[in-house]
């Protein structure tokens, strides 16, 4: 369990004191050591205890990151990269203290290559800022984890979201990146070519590495053409199983669905109250199709037929932007809506991902588990990928409730792993899920540790995260 | 240049003698040391000198691979994985001798999970055998590098081919794999979940690693539903540049083209002779669309309009399977057709990949280079990815011709890298392109070497490949 296992690591006080002096002199006002700034750069959106960094550097260039990493390597001080602080698993906590590298001022879109459908951004650019920048180009960046996260943070956690079923995750959408590695050297992991068979895939090694191998400073991303037309709607189903079967059939038929999101009955109830949606309190699929006018109509019709085969429907769909926007606003507000089910509570948001054939079973067992444990915990999911979230509503100040929620998270992770799935589809490991790594990866953990030790022998890059000690 | 730089590495004669004795006793008839078998497991389809392994083990299980790796590790003998021998860059040569692990008897499809659109195969299953196995399921495995390669080999070289523009490469289509690592342990790199944020991406680290980190024994692959309808055809263009611009526009418009292949004028001439195709001897695009009946008609019409905007056409397309089959047969015979341009010659097949915006320029400069060098070298390309092949026709017994061809390959690789591309889009590094690694990856090569040394400290896994010594 995460809370009780949270590592308190040894601090190198002398080294920390030395680099604080160096960075104050070097960065002036851009290096902060005040209590509240440091608190903001700790646990962020988790219930995990806050483990403060000793200083926060607001960097502007890759070279500044390099200076910091080099000084920290020399004095053996931890370096923790920070984007917008929307991480859910304690990725930015500083269990051994150290320097938080805040990339929010690295907010420049460096280039947009419209012909190549790619762009290069600094790590602190958020996904919304990028899409605003792109708005006159006819292109967009599809990955949408809900939060307005930084692209550096999204790269570091291998983020995805509602439309990964169509466009992939950060794994598929990062063409190349620039990082300052633990040895203080700057590496560009790949060219802008769409594909390559040249050497180890350093890009994919860093995507999802959670700052434990290097600090990502620039990212080259794939872009997509804005679809000519979009259709979408909501379809109720008699059961989660029926909804999952409709999803499986939709994907098997090759219908290129852009989003297909499950909302369970309890979450529909919450959204009905919070977002004023007029749908039955039964499991629903929120779906969206991207393509030509004729294509999206055909896809929506085909989906409606599949849904009715599994007892779902009516499937009311539209191509009108305002109506779709209302639906997706409601879907994106799921986190806040869920909290209306238990006023005063906070949601512990966890995720798991299984092969889609096991999804109905996994969600079914999870709903039974929730009932048996007496939790209030609605479920939403990117079901096209087999990925779902449980929002456990708990009193964040009650250790008993936290322990109950953690026990549930453990059972969920073990259930997903036992079904040939993963303990996290998109949130990452951070501190919160370190305990599941051995069970999920077996000998893979030893290989990961070997790689980590080889590339970061001093263990200065985000220590205490991802890999069990 | 590849030939003159070809490494002859020190042989561990004592260790080799020891493992030969062990494996003869252990595997009997399934361990061969005859000259001709060993020759067949050397340079294969390259002009590079043949560097024979000392023995060839025809393995049947992962555990047998493990036995071999453990014995070879104990006695410090190289291990070289072998699939079907269709590698183009000397990947299976044995510059320090050692044991070739022939996976051709690991030919079982272990499972097909139709609901999950995935399957698990042993490494020796070929892509054609897999598709034959799948034929009644409504599913297919799309990656098609031309040759009927083994899926283990395709994974090891990060292979792709004609329809990567729609379905991705092995990078995107391997969900997980099992490998025997240099430490003799068996690792499964991931679960069958479609996505995961759990730990380093060991799958992608091994995809494209060319047997230098471990021997891949099983692969879990994504499958696709067989499209309801397919349309396709050939469209001539006045120039390579016009054809490339049509490709860029097609992709920018979001038309989900499944294949879009450039054949230059010289190659069209060869195909006209060899495959009896009735098209003008000008640059042509071979295109194919997958989708619904209405969808593929709409896509073909849209493409035709784009082509005519750039002076191309007429674009004659069809949904009739026999007519399409003739076109793609011709495209797949390009390698053999090219040789009809210079009877008695052999084709040195090389590839490069650049951002698509630079493709017309890169091919244009390459055509000029070919003319200036006095080479006969037609060009075909997976232009939707910016990837193209040059087939240099040469006398494989004439060192002057080989040197001229190698000088050309060097200029091509440097040209592609200078255009923010890669020296190989899909063939891999092997021995043939080691010389370009530093130029392409800079500090990345040092990181790759660190990873290699950490995971294979004895350097027994396919030594002398990919990384410059």
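In this structure, residue B:199 does not satisfy being assigned to a loop (DSSP other than H, G, I, E, B), at pLDDT 95 or above and more than 10 Å from chain A (Cβ to nearest Cβ). Being crowded, with 24+ Cβ neighbours inside 10 Å, in contact (Cβ under 8 Å) with a residue 60 or more places away in the chain and away from every other protein chain (no Cβ under 14 Å) is true of residue B:391.
The single condition among (1) crowded, with 22+ Cβ neighbours inside 10 Å; (2) within 30 Å of residue A:249 (Cβ to Cβ); (3) at pLDDT below 95 that residue A:358 does not satisfy is (3). Among the residues of segment B:408-428, is there at least one that is on the phi > 0 side of the Ramachandran plot and either touching a residue at least 40 places away in the same chain (Cβ under 8 Å) or touching a strand residue (DSSP E or B) at 6+ places or on another chain (Cβ under 9 Å) (or both)? There is at least one residue in segment B:408-428 that is on the phi > 0 side of the Ramachandran plot and either touching a residue at least 40 places away in the same chain (Cβ under 8 Å) or touching a strand residue (DSSP E or B) at 6+ places or on another chain (Cβ under 9 Å) (or both). Assess whether residue B:301 counts as being free of Cβ contacts under 8 Å to residues at least 12 places away in the same chain and out of contact with any strand residue (DSSP E or B) (no Cβ under 6 Å at 6 or more places or on another chain). For residue B:301, the condition - free of Cβ contacts under 8 Å to residues at least 12 places away in the same chain and out of contact with any strand residue (DSSP E or B) (no Cβ under 6 Å at 6 or more places or on another chain) - is met.
Can you find even one residue in segment B:270-279 that is within 30 Å of residue B:433 (Cα to Cα), assigned by TED's automatic domain parsing to the domain that holds residue B:308 and either at pLDDT below 95 or surrounded by fewer than 24 Cβ atoms within 10 Å (Cβ to Cβ) (or both)? Yes: segment B:270-279 contains one or more residues that are within 30 Å of residue B:433 (Cα to Cα), assigned by TED's automatic domain parsing to the domain that holds residue B:308 and either at pLDDT below 95 or surrounded by fewer than 24 Cβ atoms within 10 Å (Cβ to Cβ) (or both). All told, residue B:430 meets the bar of being within 13 Å of another protein chain (Cβ to nearest Cβ), outside any helix (DSSP H, G or I) and crowded, with 24+ Cβ neighbours inside 10 Å. If only residues of segment B:418-459 that are over 19 Å from the mean Cα position of the chain (by Cα) and outside the structural domain of residue B:181 (by TED's automatic domain parsing) are counted, the one that is nearest to residue B:363 (Cα to Cα) is B:419. Taking segment A:372-388 as the range and being crowded, with 24+ Cβ neighbours inside 10 Å, part of a strand (DSSP E or B) and away from chain B (no Cβ under 14 Å) as the test, only A:380 passes. Among the conditions (1) buried (at least 23 other Cβ atoms within 10 Å of the Cβ); (2) within 7 Å of chain A (Cβ to nearest Cβ); (3) over 10 Å from the mean Cα position of the chain (by Cα); (4) under 26 Å from residue B:86 (Cβ atoms), the only one that residue B:177 does not satisfy is (2). Number of residues in segment A:435-469 that are in contact with a helix residue (DSSP H, G or I) (Cβ under 6 Å, 6 or more places away or on another chain), closer than 28 Å to residue A:406 by Cα, more than 10 Å from chain B (Cβ to nearest Cβ) and surrounded by 17 or more Cβ atoms within 10 Å (Cβ to Cβ) equals 1.
Every test in (1) surrounded by 24 or more Cβ atoms within 10 Å (Cβ to Cβ); (2) modelled with pLDDT under 95 is passed by residue A:135 save one, and that test is (1).
All conditions in (1) within 30 Å of residue A:97 (Cα to Cα); (2) surrounded by fewer than 21 Cβ atoms within 10 Å (Cβ to Cβ); (3) within 14 Å of chain B (Cβ to nearest Cβ) hold for residue A:401, with the sole exception of (3).
Taking segment B:17-130 as the region of interest, the strands (runs of 3 or more DSSP E) fully inside it that hold 2 or more residues being away from every other protein chain (no Cβ under 14 Å), surrounded by 17 or more Cβ atoms within 10 Å (Cβ to Cβ) and at pLDDT 95 or above are B:55-58, B:79-82, B:99-102, B:118-122. Take the residues in segment B:252-271 that are more than 24 Å from residue B:378 (Cβ to Cβ) and touching a residue at least 12 places away in the same chain (Cβ under 8 Å), then tell me which one is farthest from the other protein chains (Cβ to nearest Cβ). The qualifying residue farthest from the other protein chains (Cβ to nearest Cβ) is B:255. Scanning segment A:306-321 for residues that are closer than 20 Å to residue A:226 by Cβ and either touching a strand residue (DSSP E or B) at 6+ places or on another chain (Cβ under 6 Å) or not in a helix (DSSP H, G or I) (or both) turns up A:317, A:318, A:319, A:320. None of A:57, A:73 is touching a helix residue (DSSP H, G or I) at 6+ places or on another chain (Cβ under 6 Å) and over 24 Å from residue A:405 (Cβ atoms) except A:57. How many residues are closer than 19 Å to residue B:188 by Cα, facing chain B (nearest Cβ under 7 Å) and crowded, with 23+ Cβ neighbours inside 10 Å when one looks only at segment A:407-427? Within segment A:407-427, residues that are closer than 19 Å to residue B:188 by Cα, facing chain B (nearest Cβ under 7 Å) and crowded, with 23+ Cβ neighbours inside 10 Å number 5. Only a single item in (1) in a strand (DSSP E or B); (2) surrounded by fewer than 24 Cβ atoms within 10 Å (Cβ to Cβ) is not met by residue A:172, and it is number (1).
For the criterion of being assigned to a loop (DSSP other than H, G, I, E, B) and at pLDDT 95 or above, residue A:344 fails.
Considering segment A:137-172, the residues that are free of Cβ contacts under 8 Å to residues at least 60 places away in the same chain and away from every other protein chain (no Cβ under 11 Å) include one that is nearest to residue A:206 (Cα to Cα), namely A:143.
Residue-by-condition table, conditions (1) in a strand (DSSP E or B); (2) touching a strand residue (DSSP E or B) at 6+ places or on another chain (Cβ under 6 Å); (3) modelled with pLDDT of 95 or more; (4) farther than 25 Å from residue B:304 by Cβ:
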residue	(1), (2), (3), (4)
B:323	no, no, no, no
B:331	no, yes, no, no
B:337	no, no, no, yes
B:348	yes, yes, no, yes
B:367	no, no, yes, yes
B:370	no, no, yes, yes
B:390	yes, yes, yes, yes
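Can you find even one residue in segment B:185-198 that is outside the structural domain of residue B:334 (by TED's automatic domain parsing) and under 24 Å from residue B:349 (Cβ atoms)? Looking through segment B:185-198, none of the residues is outside the structural domain of residue B:334 (by TED's automatic domain parsing) and under 24 Å from residue B:349 (Cβ atoms).
Looking across segment A:143-157, the residues that are buried (at least 23 other Cβ atoms within 10 Å of the Cβ) and closer than 19 Å to residue A:224 by Cβ come down to A:143, A:144, A:149, A:151, A:154, A:155.
When residues in segment A:154-195 are screened for being under 23 Å from residue A:77 (Cα atoms) and in contact with a strand residue (DSSP E or B) (Cβ under 8 Å, 6 or more places away or on another chain), 8 of them pass. Only one entry of A:399, A:457 meets the criterion of being modelled with pLDDT under 95 and over 18 Å from residue A:91 (Cα atoms), and that entry is A:399.
The values are calculated or read from the model by the stated rules, or taken from the named source; none is laboratory data. Predicted model, so just to flag it, every value in this text is computed and none were measured. Heads up, the Cβs are rebuilt from the backbone with ideal geometry, glycines too, and the neighbour counts pull from every protein chain shown.
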